[in-house]
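No value in this document is a laboratory result; all are computed from the given coordinates. Keep in mind that this is a model prediction, so the values were computed, not measured. All Cβ positions, glycine included, derive from the backbone under ideal geometry; neighbour counts span all protein chains shown.
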Amino acid sequence: MNTPTDLRSPYEPPNADLTGPPAVMPALQPHERSGAPKVFGVLSIVFASIELLFSSLGMLGTLVSTAASSGGLVSASAGETDVKAVLQPMAKIYQGIGFQSLILFAMSALLLAIGIGQLRYRAWAQRWSVYWGAAGLACVGLMVAISLLIISPAYAQFFESMAQVKPPGGGQAEMPSMGPLSGILGGAFAVINVVVYAPYPSLMLLFFTRDRVRASMTR
């Protein structure tokens, strides 16, 4: 008895072409698009503009403090040595703040451009939102390290210098040690950096990796 040779066994798994390119996510209609990119676009532009202003002021303060510590703003007087002893740790404090301000300035300028792309539902803005979110969390860790390794020791040196400054009458300074306070200030700066700057990058990573948001940003 002849049987067809092209009959497929019902127990044989179907053939699947696994070598082809990944399926492209179809674009959504305007009424089906997620509203998250537009909301984040507005927030990104607002936050970036505010941070650009404050980070610029931080970098300006660093330049002024550096000029003062170098002696350019300190006139020759009897108390010049004591003043320089106080200004030097202050310069280190502002140096750390300047590093943080430079990081914030660069990240804010990039966020401003990304925010404009988010408002327009650009595909590149979706990718760069994810990149920015990951870089933002890394920058938060870097700013925490700056607070603990530069700003906190500089505060300790500042308080020590203040304790050694002689009063105008020529007597001995009676200022107690404030070393523990410098550690508290450094820890406070670190906590503030995490609380203020970590949530937004985390939200960017959370929302812009969602399938619906990715499908919405295809322009």
Item to check | Formal net charge of residues neighbouring Ala123 (Cβ-Cβ distance under 9 Å; K, R +1; D, E -1) | outcome: +4
Checklist outcome for this item: Rg/Rh over Cα atoms for the stretch 180-219, Kirkwood Rh, comes to 1.37
Checklist entry - What's the FRET efficiency of Leu53 with Glu160 using the Cβ-Cβ distance as r and R₀ = 45 Å, to the nearest 0.05? => result 0.85
